[in-house]
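The structure appears below as structure tokens.
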Amino acid sequence: MRMLKAGLTVVAGALAVVSFAAPSRAQGFGGKPASPPAKAECKFSDGKTIHVDYSSPRMRGRKIFGGLVPYGEEWRAGANEATTFDADVNLNVGGTSVPAGNYTLFTLPNPDSWKLIISKQTGEWGIPYPGAEYDFARIPMQVSKLPSSVEDFTIHFDQSGGACTMNLDWETTRASIKITEKK
């Protein structure tokens with residue numbers, strides 16, 4: 001009986017070590033993360049910034065919008081942890097006033113229209129969507145077709161004058177929104 005207990009203790013210990021040593025994120029080909037972390041930033045002329053942290057999933061031959069990402073359902077705008085949106089300045093996001101602070105981004109994609117969801121809930125995993133009660137705002141985005149397919153989901157900013165246009169590109173879709181400092 002004593003040997004059985006000792007054997008079970010060794011097995012339990014080995015399982016614990018293996019489970020803690022295992023990577024916590026899904027692995028892609030060659031041991032690389034399937035959805036590696038990525039960042040986007042836009043800096044205004046006065047040095048104030050918008051900073052976005054997200055995970056960048058890959059198409060890998062899948063149908064994305066209307067498939068992997070269903071139309072009409074809130075989407076975390078990336079993979080893994082929820083996409084964060086941090087601003088050290090008061091903003092005008094697509095015509096909506098957004099105070100400086102930390103937020104989580106979601107989107108509501110549809111074939112011809114998208115909404116950017118700015119959530120007050122932070123620090124969560126990307127799914128499930130925390131609920132409309134945490135929404136700070138839902139703001140219409142511009143949707144356009146890209147000339148060629150984009151394999152890696154990408155968030156990036158185009159800067160022009162005093163504006164930062166945030167673009168979300170994946171598959172053949174671009175959803176974008178203009179962001180300016182609120183004076």
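For the reader, a short list of remarks on this structure follows.
- For segment 60-86 versus segment 140-157, the gap between their alpha-carbon centres in whole angstrom: 13 Å
- Amide hydrogen proximity for Leu68: with H placed 1.01 Å from N in the peptide plane, the residues at 5 or more positions away or on another chain lying under 5 Å are Lys63.
- Rh (Kirkwood; distinct C-alpha pairs) - segment 34-181, Å: 15.3 Å
- Ignoring lysines fewer than eight residues from Lys39 along the same chain, the ones with Cα atoms less than 22 angstrom from its Cα are Lys48, Lys115, Lys120, Lys178.
- Charge context of Ile139, other residues only, Cβ under 15 angstrom, K/R +1, D/E -1: +3
Bear in mind these aren't lab numbers, they're just calculated from the coordinates by the rules spelled out. It should be emphasised that the depicted structure is a prediction, and the values quoted were computed from it without experimental measurement. So basically every Cβ, Gly included, is an ideal-geometry build from the backbone, and we count neighbours across all protein chains shown.
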